[in-house]
Amino acid sequence: MNRGLLIAFEGIDGTGKSTQIRLLADYLRRQGCEVIETREPTDGPYGLKIRQLYMNRKNCTPEEELELFIQDRRQHVDEVIGPALAQGKIVLTDRYYFSTAAYQGAAGMDPDLIFRAHDFAPRPDLVVLLVMEPEKSVQRIEQLRGEQLNDFEQVEQLRKVAGLFASFTDDCILRVNGAAPIEQVQREIQKGVQALVANGC
Ligand code: TYD
């Protein structure tokens, strides 16, 4: 059976990844594709630990934090992403190892080492990188979700994260302006994905 397709959505917080994933999943299903939507951090044991960090990030060193994200991803690849790809499905993941290179890179770890630590993770066929000014993404989070920003979401930190995302040069990255209207963003994403499913699902 053909390997499926892996499409990762990346970008700083508040860029609209989950909305765009939902719209793309609907679009692909209408074409008869089998799609799974998934996310990192996961809802598994490592993902739960990572979410606890939101409350008390100071209890954890950057090295320990990196290790948790990698363990979470290892389990995600073994239990969800790998099997779905083997069954020929299209996997849409909200964040993947580019997030680790950008966020843990911004926290002081070496992004190149982080990429190299991901030999075990299937290379995505496409990375949709939603690009937006940190001030705007933070404004969105506060206004739309009525959320208080957590430790990961401070503007200064996000600026560093955005700078690292901007520095990645992988061929599979499609950069899309996340500040454009939702429908326009979705159209650009669909154009990028269309080439990959040209022969149908
Ligand atoms: P997020 O996508 O906001 O999760 P949710 O909306 O489901 O709570 O991710 C949570 C935070 O984790 C986000 O600020 C980015 C950060 N993160 C990393 O620092 N490294 C990683 O490898 C991943 C996957 C996420």
Contact list please: Cβ distance under 7 Å, first residue in segment 66-86 and free of Cβ contacts under 8 Å to residues at least 24 places away in the same chain, second residue crowded, with 18+ Cβ neighbours inside 10 Å and among the hydroxyl-bearing types (Ser, Thr, Tyr), pairs at least six apart or on different chains. LEU68/TYR46
Please enumerate the residues belonging to segment 59-78 that are near the ligand (Cβ under 9 Å from one of its atoms) and more than 10 Å from TYR46 (Cα to Cα). GLU65, LEU66
Filter segment 83-108 down to the residues that are crowded, with 22+ Cβ neighbours inside 10 Å and assigned to a strand (DSSP E or B), then identify the one that is nearest to the ligand (Cβ to nearest atom). THR93
If only one of VAL128, VAL80 is outside any loop (DSSP other than H, G, I, E, B) and within 12 Å of the chain's Cα centre (by Cα), which one is it? VAL128
Which of the residues spanning segment 131-182 are of a type in the set (Gly, Ala, Ser) and more than 15 Å from the chain's Cα centre (by Cα)? SER137, GLY146, GLY163, SER167, ALA179, ALA180
Just name the residue that is nearest to the ligand (Cβ to nearest atom) out of those in segment 28-58 that are among the basic types (Lys, Arg) and more than 17 Å from the chain's Cα centre (by Cα). ARG57
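Coordinate-derived values only; no laboratory data. This is a predicted model, so every value here is computed, not measured. Virtual Cβ from ideal backbone geometry, glycine too; neighbours counted across all protein chains shown.
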